[in-house]
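S.K.: Quick one: the structure is below, and I'll ask about it shortly.
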């Protein structure tokens, strides 16, 4: 049995090293002399350190931010906070080749299964972070999204906007939404997140990733409607998604997920073998 444990431990360490998950230098000593591998963090490249989300939970949005809506009318962010309803804030840009589309499609998918309707229980304010984008593009994007959503009346509560660089910066700074222009890839690098604000304009929830379940959306809206501010337990986005400079965009970092799964499997197997070895009767040689 001891030989089996030793062989298994050696195989496990070799597998972890091959996967790039752990090395003797990166591992930590655990009770009983076992090596506990550490899972590497999914760190953005140094030139993209500004692409992050700093939560501003409980803080007020700058309601005087000036926007231009999909019909070309100049409005203020505060215009959407005078109806007594929570507001979902969605930041991105309409010409995004990848991540923004995934975020807004994920939001759309969640809304399809929600028994709430934009314009009744909440509103959605989508704002482009690209100051070069214009009203025609915002209108086109809105029409395609609402057509895909397929809910009559949803247009009365989902608004698409553009803005000047100064106003965009005011809004993104207020919600802690980091982004930067990637000259090589000719696109904006940013995170996948939506925010939910209370009826008076206070930030209440941050939802991460590209999938927003109807349950999560409903609970976030209900909490925001009651003025409850909730902390985020983990930012899964920071682990699952990484900006790939070579690919020129954000990609699903599948290797990290596979590595984590491998670590869990190997640690579980190793623990089981150690327990069985300790419980087995000692035989005299």
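We did not get these values from a lab; they are worked out from the coordinates using the rules stated. Bear in mind the structure is a predicted one, so any value in this text is a computation, not a measurement. Cβ sites come from the backbone with ideal geometry, for glycine too, and all protein chains shown count toward neighbours.
S.K.: Starting at 0 and stepping by 10 Å, how many percent of the alpha carbon pairs of segment 47-233 end up in each bin?
M.R.: Spelled out bin by bin, segment 47-233 gives 10, 41, 40, 9, 0 percent.
S.K.: Once you place label points 7 Å from the Cα toward the Cβ at residue 213 and residue 180, how far apart are they in nm?
M.R.: 3.5
S.K.: Here is a further query. Among 54-62, 117-125, how do they line up from the highest to the lowest mean number of other beta-carbon atoms within 10 Å?
M.R.: On the way: 54-62: 15.4, 117-125: 20.1.
Final packing ranking: 117-125, 54-62.
S.K.: Let me ask something additional. State the extension gain, in nm to one decimal, for the chain segment bounded by residue 268 and residue 222, taking 0.36 nm per residue of separation less the distance between their alpha-carbons. Please list the in-between numbers first.
M.R.: Numbers: separation 46, 0.36 × 46 = 16.56 nm, distance 3.91 nm.
Once the chain is fully extended between residue 268 and residue 222, it gains 12.7 nm.
S.K.: Which FRET efficiency value, to the nearest 0.05, is calculated for residue 140 and residue 173 with the Förster distance at 25 angstrom and r the Cβ-Cβ distance?
M.R.: Details: r = 28 Å, r/R0 = 1.12.
Taking R0 as 25 Å, the efficiency between residue 140 and residue 173 is 0.35.
S.K.: Which FRET efficiency, nearest 0.05, do residue 229 and residue 98 yield, Cβ-Cβ r, R0 30 Å? Before the final figure, lay out the partial values.
M.R.: Working: r = 31 Å, r/R0 = 1.04.
Using R0 = 30 Å, I get an efficiency of 0.45.
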